[in-house]
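First comes the structure, then the notes that go with it.
The values are calculated or read from the model by the stated rules, or taken from the named source; none is laboratory data. Owing to the predicted nature of the structure, the values given are computational and were not obtained by experimental measurement. Virtual Cβ from ideal backbone geometry, glycine too; neighbours counted across all protein chains shown. Each accessible area value is taken on the protein alone, full model and side chains, heavy atoms only, with ligands, DNA and RNA left out. Shrake-Rupley method; radii C 1.70, N 1.55, O 1.52, S 1.80 Å.
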Amino acid sequence: MSQPSHSQQAILESLNQTALKTDLPRMDVGDTISVHCRIVEGDKERVQVYQGVVISRRGRGVNEMITVRRVVDEVGIERRFPINSPMVAKFEVTRHGDARRAKLYYLRERVGKSRRLRDRRRGIKNLEVATGNARPAPKPAGEGTPEPAAATA
């Protein structure tokens with residue numbers, strides 16, 4: 001008799017865990033990234049950088065893929081990269097874009113400046129400035145400008 005299916009799933013998950021990369025930066029859809037691809041030509045190996053916008057992300061675990069789009073000479077080029085592939089040396093996030101949907105396929109029809117995505121601000125400091133709640137730090141007692149003297153007539 002075979003083992004229950006949930007234990008087989010656990011075995012598969014544990015095997016997949018060993019193949020996952022652990023040094024990945026946080027990449028979301030809309031981010032501009034640089035993908036460093038290993039290219040083997042004969043007995044030589046070199047690294048080629050492909051920079052573009054992440055327009056989709058699908059799958060999970062070992063099967064996770066991203067689609068990166070760039071425009072060269074007014075022609076859009078899309079490449080799909082397996083995130084956990086050994087042929088990808090590393091990913092670098094160069095810019096965080098503000099995307100409000102999971103797939104950015106609508107960028108394929110965009111031309112010119114409308115192709116760009118808004119920059120996403122991160123961090124508490126930027127959040128406070130954006131909402132207008134930023135207050136100047138209080139000055140220590142005894143410092144600062146002296147109070148003006150009362151005018152004598």
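For this structure, a couple of remarks:
- Odd one out for R101 among (1) touching a residue at least 40 places away in the same chain (Cβ under 8 Å); (2) open to solvent by less than 80 Å² (accessible area, probe 1.4 Å); (3) assigned to a loop (DSSP other than H, G, I, E, B): (2)
- Qualifying position, being in contact with a strand residue (DSSP E or B) (Cβ under 7 Å, 6 or more places away or on another chain), more than 24 Å from L117 (Cβ to Cβ) and hydrophobic (A, V, I, L, M, F, W, C), among V54, V47, V40: V47
- Cβ pairs under 9 Å, 6+ apart, first in the range 27-50 and under 24 Å from D98 (Cβ atoms), second open to solvent by less than 40 Å² (accessible area, probe 1.4 Å) and basic (K, R): none
- Checked against the criterion of being at pLDDT below 90, touching a His at 6+ places or on another chain (Cβ under 9 Å), open to solvent by 70 Å² or more (accessible area, probe 1.4 Å) and in a loop (DSSP other than H, G, I, E, B), the candidates R135, R121 yield just one match: R121.
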